[in-house]
Structures are given as C-alpha cells and as structure tokens.
Amino acid sequence: MNVAALQDMTILFVDDEEVAQEQMKLVLSSFCKSTICVGSADHALKVLEERRPDIVLTDIRMPGLSGIELLTAIKQKDPAVAVVIVSAHSEPDYLLDAFRHKADGYLLKPFNFHEMLELLSDIATQKVAAKMETTQGGAKNEFLLRILDTLGGRRAEIIEYVINHLDANNMFNGTYDEVAEALGASKPTVVATFQVLLEKNVLVRIKYGTYRMNMNGSG
C-alpha cells in the first residue's frame, strides 16, 4: 500500500450523514493533502468546479441525486476524476450499476478503513504515475522541437527515434546499425547525426550502444 501517493490528493467525500463525514475527515486528514466533506450531490458538483478534487467517494443513496447519478455527472464533466461508490447495501445490482457507469471502485459500509486506504492508495498511485508520464512526455516533445530547429530530413527522424525509445532514466540503448535498420537509413547518416548530438551535449555516451539524453542540452 503506497499511502505516500495520497499526500498529493484532494479527496471529496459525499454523504448525507454528518457522523460519516466526521469519521472520514478524521481518517483521511492524516493521509491526504485535503479532504472535503459535503452532504449532497448538488453540493459535490459545485465543489468539483471550484476545487477540482482528484478522487470522489460518494454514498449511493442520498436525498436528491443518487451516487450513481453523481458518478455519471462527474465522468461527463471530467473523466480523469476517480469516483468510488460507497454503499451500505451488498446487493449485486448496486455493484453492477456502479461499474456499468465507470466507477473506479466500490466500498461497503461499515467501512473497513484499511481496505479503503488500500483502494485509495492504488488509485492515487495510478494518478501520480499518469501525471509523471504526461509531464515527461511534454518535456520530451518540447525538447524535440528545439533540436529539430538545427536538424532536418533523416536526422530529424533519427533524433525522434532516439527520444521515443528513451527509458525512464532518459537512457537510450542501441547501436548505429540497429538505428539504421529500424529507420531504413544509411549508417553514415546515423553516425553523423549521433556525432552532432554528442558535440551539442544532447547525448552523452556512457558506453558502446548506451547513451544518456541530456534534456537540458546546450543546443
């Protein structure tokens, strides 16, 4: 259970019972960046616009809009928000309804707080990983555009290939022959491109066939 990922999360809890709200606030405040508790789906939709929570836990049966209706509304507005349905009822229809409307999880009352934290931690970990992937992808795209200003033709394809095959540590593993074969390019063109990138400090040779991409290269 990676509870550390929860430290970056804002969680919205929706339940018309004040005791349940107090309990949830007490438990989650130690793990999350922020915990917001409201008593209705209508109030929850306002909070969604104003605070943009990462995860919503909602009771399934409330006055006004139900938890399923709230789930549907949230997914229409912002599919990236994770929604966990909470219910005191274990009938299979509730569970099927929840997942039919793309719920990210299902919890039963009375709460097993260990199971709840485990579920929320899993969701938070996935969100953090997705955010990191998006951020790194954006940085690589911006970096690629800067490099393309000085390279053209097959050289642009070669550097794009290298960037798209970096691992999580910005390392590229591949020989000149492998790159040439993958792109259908001539080996001299690949060698010349790598030499330019090494001269510009965009690539740093670690050993034969292994390079580190310097994302802050001098260009």
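The values are calculated or read from the model by the stated rules, or taken from the named source; none is laboratory data. If you're wondering where the values come from, they're calculated on a predicted model, not measured in any experiment. Note that each Cβ is placed from the backbone with ideal geometry, even for glycine, and that neighbours are counted across all protein chains shown.
The number of residues in region 47-81 that are surrounded by fewer than 21 Cβ atoms within 10 Å (Cβ to Cβ), polar (S, T, N, Q) and in contact (Cβ under 8 Å) with a residue 12 or more places away in the chain comes to 2. Hey, does region 31-38 have a residue that's assigned to a helix (DSSP H, G or I) and at pLDDT below 95? Within region 31-38 (the criterion being assigned to a helix (DSSP H, G or I) and at pLDDT below 95), the answer is no, since none of the residues qualifies. Checking each residue in region 160-190 for being part of a helix (DSSP H, G or I), modelled with pLDDT under 90 and aliphatic (A, V, I, L, M) picks out VAL162, ILE163. Between LEU26, LEU12, LEU45, LEU70, the distinction of being within 23 Å of LEU117 (Cβ to Cβ), in contact with a helix residue (DSSP H, G or I) (Cβ under 7 Å, 6 or more places away or on another chain) and either among the acidic types (Asp, Glu) or in a helix (DSSP H, G or I) (or both) belongs to LEU70 only.
Filtering region 6-46 to residues that are surrounded by 18 or more Cβ atoms within 10 Å (Cβ to Cβ) and β-branched (Val, Ile, Thr) leaves ILE11, VAL14, THR35, ILE36, VAL38.
Among residues of region 24-42 that are of a type in the set (Asp, Glu), those with a beta-carbon under 8 Å from a residue that is surrounded by fewer than 15 Cβ atoms within 10 Å (Cβ to Cβ) at least six positions away or on a different chain give the pairs ASP42/GLY64.
Is at least one residue of region 82-104 touching a Pro at 6+ places or on another chain (Cβ under 7 Å), in the same structural domain as LEU45 (by TED's automatic domain parsing) and surrounded by 12 or more Cβ atoms within 10 Å (Cβ to Cβ)? No.
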